[in-house]
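Chemist: The structure under discussion is supplied below as structure tokens; questions concerning it will follow.
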Amino acid sequence: METKDLQNSEPVQNEQQNASPVLNNAEAIDDLKDMETAEPKAKSKKSKKKDSETDKNHEINLEEEIVLDEAENFDNEVEEVSKLYLNDDQSKIDVDFNLLERDVLVEELRRFIETQPINQIRREVEAIKASFYKKQKAINEINRKQFIKDGGNIEDYIPVEDPLETELKELFKKYRKYKAEYNRSLENVKETNLERKYAVIEKLKDLITNNESIGDTFQVFRELQLQWKEIGPVPQSHLKDLWNTYHHHVEKFYDFININKELRDLDLKKNLEIKTDLCEKAEKLIEHNSVVIAFKTLQKLHNQWREIGPISNEQRDAVWERFKEATRLINKKHQDYFKNLKDDQKNNLEQKSALCEKAEEISNTKLDSHKDWTDKTQEILDLQKAWRAIGFAPKKDNNRIYARFRNACDKFFTEKREFYSQNKELQDTNLERKIELCVQAELIQESTDWKQTTKDLIDLQKKWKEIGPVPRKQSDKVWKRFRAACDHFFNRKSSYYSNIEEVYDNNLKLKLEIIEKVKNFEFSDNPRKNFESLKKLQDDWSEIGFVPFKMKDKVQNEFRELINQQFDKLKIDDSEKKLLKFQSHLENLQHKPKSSNKIRHEREKFFTRIKKLESNITLWENNLGFFNSDSAQAKEMINDYMNKIEEAKKEIKVMEDKIRLIDKSDNE
């Protein structure tokens, strides 16, 4: 693989290196502390006397009812906000995009962009992108290996442009365009929200001079609080002043209406419960598995803290210190995390620098042979593999170190191309050698000697790998020719062995039928006919192929014993019986381990026996000339020698017939 594909495998750094805190917690803590200490000073303003005591009591009762209702609503409101926070923070993608094909992933991305709010689909978009390119990378790797397997040079491989990838990139352009438009509109909305919130503050100011009853005034105050919460985010630069101004006028309103202590204590109690809950959530974040998620969640808790009103002076400092301590610990873990990340990146830079040095050393080495180029090419590929396994370097060094490594690899592959372009004669010789291997493979591709031919083809493939490159125009053609011959044989072999068990079972059935025929054989009055019938059964047995291995010895021994028993019952000469029994014995040997060695040993033994018998016959025939036929004793000895010679000739004939049976079995 050339280095042009390495950049795509470099880890994506934007998520971690560009991650910046949503808010500076040190400043946020100071701001929140200022808000906490801005507890309204108690002012002893005297209310104007009403014309009647009944109106005064009515207003106080109405005030108590509204405040209690609002406190309950506020409690529900906090609960809803908490639910929204949890749903937002703990939301997961319902679909496992890794299970979808690439075309389905493209359609899913299109559906999300066209039907879902653009600010709510970032996780899905990123998951689709990661799944798509994981599958795309696998396809490119398969195509690259196929290209190399087909005889192509690895440095010449260029991935074919994929229409699905092009379509995916166009959808990403549309997504980024929509996201940019959304962000621009969001800034405009923030400015509008800022104006609306200042308008709410102006209305709060007006409440102080309002002459209506306390109940009506408090109702308007709650409505203004609700409006304030419903208005969306504002520019960060105005946030501190806005909240300080808002809290200031809220405190002034509380002073103005002079809420009685019971209602105020109830409000302070509700605020204490909410802030205690936020403290518990912040403390749980300390043990969160993801430091980045814990830090971002903490920013949301700080925003919620601002929304909550004051608590009693006795508990204010203790609650605030508890929340601040949890914030401090989370901030420390966040800082340590990025410090360790920098250390890891520094270590990665050192490892990549070492790989660059090795690549530069190889690229500067002078190579003069195909073997040297092959070995060094593998070393470069190993370095590239090790490079991809290392994480990213610091952002400021990442592009520089990658460019250094790529330049070294590019230099090596450029010089390799120049070397082979200047060695055309060597490539022509390699082409002739590979064509010769094609011819040899084609000559044996129809063979049914599966074992030997498999070994021969594997040897040819090893020789093919040892031969260097051929002219590029002929590389693909000669490789396909060689591969076609190899594939043709191995496909035939696979087809044969895929049905072999069925064939073995059928052979077993046929042999069991022959065993039954031998076992139930009925002799006729014609000995010769009986002999031919038994010999026919023996020949039929020999023509049947292999049976399942576990049944082989059992059926062979049973047949041999039965056929020998039947031959013993025949009224034929001993030589024919011996020959038929040997045929059964030979078939039994063929099914045993190392059968070829045992059968060859039998054949050599017969030849040795024949030579000895022929020598004896010559000796006996010479001895007959020394006897006087007139003597009775001599006649007896002559007859004895004549019988020996006759028996020896019969034995020789049986031996020769056995040798012919052995030769016939070898040819089959």
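The values are calculated or read from the model by the stated rules, or taken from the named source; none is laboratory data. Note that the structure is predicted; figures quoted are calculated from it, not measured. Heads up, the Cβs are rebuilt from the backbone with ideal geometry, glycines too, and the neighbour counts pull from every protein chain shown.
Chemist: Could you check, for region 233-248, whether at least one of its residues is modelled with pLDDT under 90, outside any helix (DSSP H, G or I), surrounded by 17 or more Cβ atoms within 10 Å (Cβ to Cβ) and under 60 Å from the mean Cα position of the chain (by Cα)?
Modeler: Within region 233-248, one or more residues are modelled with pLDDT under 90, outside any helix (DSSP H, G or I), surrounded by 17 or more Cβ atoms within 10 Å (Cβ to Cβ) and under 60 Å from the mean Cα position of the chain (by Cα).
Chemist: Quick one: would you say ASP459 is at pLDDT below 90 and either over 18 Å from THR374 (Cβ atoms) or surrounded by 12 or more Cβ atoms within 10 Å (Cβ to Cβ) (or both)?
Modeler: So ASP459 fails the test.
Chemist: Sticking with this one: Report yes if GLU262 is over 30 Å from GLU191 (Cβ atoms), at pLDDT 90 or above and surrounded by fewer than 19 Cβ atoms within 10 Å (Cβ to Cβ), otherwise no.
Modeler: Judged against the criteria, GLU262 is not a match.
Chemist: Let me ask another. Please enumerate the residues belonging to region 123-162 that are closer than 30 Å to GLU415 by Cβ and of a type in the set (A, V, I, L, M).
Modeler: ILE142, ILE148, ILE154, ILE158, VAL160
Chemist: If ASN210 satisfies all but one of (1) farther than 25 Å from LEU226 by Cβ; (2) not in a helix (DSSP H, G or I), what's the number of the condition it fails?
Modeler: Going through the list (1) farther than 25 Å from LEU226 by Cβ; (2) not in a helix (DSSP H, G or I), ASN210 breaks only (1).
Chemist: Does region 315-322 contain at least one residue that is within 29 Å of the chain's Cα centre (by Cα) and touching a residue at least 40 places away in the same chain (Cβ under 8 Å)?
Modeler: Among the residues of region 315-322, not one is within 29 Å of the chain's Cα centre (by Cα) and touching a residue at least 40 places away in the same chain (Cβ under 8 Å), which makes the answer no.
Chemist: Okay, next question. If you scan region 204-215, which residues turn out to be loosely packed, with under 15 Cβ neighbours inside 10 Å and touching a residue at least 12 places away in the same chain (Cβ under 8 Å)?
Modeler: LYS205, ILE208 - these are the residues of region 204-215 that are loosely packed, with under 15 Cβ neighbours inside 10 Å and touching a residue at least 12 places away in the same chain (Cβ under 8 Å).
Chemist: Something else now. How many of the residues in region 588-639 are modelled with pLDDT under 75, touching a Phe, Trp or Tyr at 6+ places or on another chain (Cβ under 7 Å) and among the aromatic types (Phe, Trp, Tyr)?
Modeler: Selection size over region 588-639: 0.
Chemist: Then there's this: Which of (1) surrounded by 14 or more Cβ atoms within 10 Å (Cβ to Cβ); (2) within 26 Å of GLU379 (Cβ to Cβ) does ARG417 not meet, given it meets every other one?
Modeler: (1)
Chemist: What are the residue pairs meeting all of these: first residue in region 338-350, first residue free of Cβ contacts under 8 Å to residues at least 60 places away in the same chain, second residue outside any helix (DSSP H, G or I), Cβ atoms under 6 Å, and 6 or more apart or on different chains?
Modeler: GLN345/ALA393; GLN345/PRO394; ASN348/ILE390; ASN348/GLY391; ASN348/ALA393; LEU349/ALA393
Chemist: Within the group PHE172, PHE147, which residue is aromatic (Phe, Trp, Tyr), surrounded by 17 or more Cβ atoms within 10 Å (Cβ to Cβ) and in a helix (DSSP H, G or I)?
Modeler: Within the list PHE172, PHE147, the selection yields PHE147.
Chemist: Quick check, is ASN183 within 30 Å of ARG111 (Cβ to Cβ) and either modelled with pLDDT of 85 or more or in a helix (DSSP H, G or I) (or both)?
Modeler: Yes; evaluated as a whole, the condition is true for this residue.
Chemist: Kindly check whether there is at least one residue in region 108-126 that is within 30 Å of VAL478 (Cβ to Cβ), assigned to a helix (DSSP H, G or I) and out of contact with any strand residue (DSSP E or B) (no Cβ under 8 Å at 6 or more places or on another chain).
Modeler: No, region 108-126 contains no residue that is within 30 Å of VAL478 (Cβ to Cβ), assigned to a helix (DSSP H, G or I) and out of contact with any strand residue (DSSP E or B) (no Cβ under 8 Å at 6 or more places or on another chain).
The rows are residues; the columns are (1) of a type in the set (Val, Ile, Thr); (2) at pLDDT 90 or above; (3) within 27 Å of PHE218 (Cα to Cα).
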residue	(1), (2), (3)
LYS270	no, no, yes
ILE274	yes, yes, yes
GLU280	no, yes, no
ASN289	no, no, no
THR297	yes, yes, no
ASN303	no, no, yes
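Chemist: Right, another one. Please find, within region 352-401, the residue that is surrounded by the most Cβ atoms within 10 Å (Cβ to Cβ) out of those that are hydroxyl-bearing (Ser, Thr, Tyr), modelled with pLDDT of 85 or more and more than 29 Å from the chain's Cα centre (by Cα).
Modeler: SER363
Chemist: Tell me which residues, restricted to region 378-433, are under 22 Å from GLN474 (Cα atoms) and not charged (D, E, K, R).
Modeler: Listed by number, the residues that qualify are PHE413, THR414, PHE419, TYR420, SER421, GLN422, ASN423, LEU426, GLN427, THR429, ASN430, LEU431.
Chemist: I'm trying to understand the selection: among the residues of region 501-527, which are in contact (Cβ under 8 Å) with a residue 12 or more places away in the chain and within 13 Å of LYS569 (Cα to Cα)?
Modeler: VAL518, LYS519, PHE521, PHE523, PRO527
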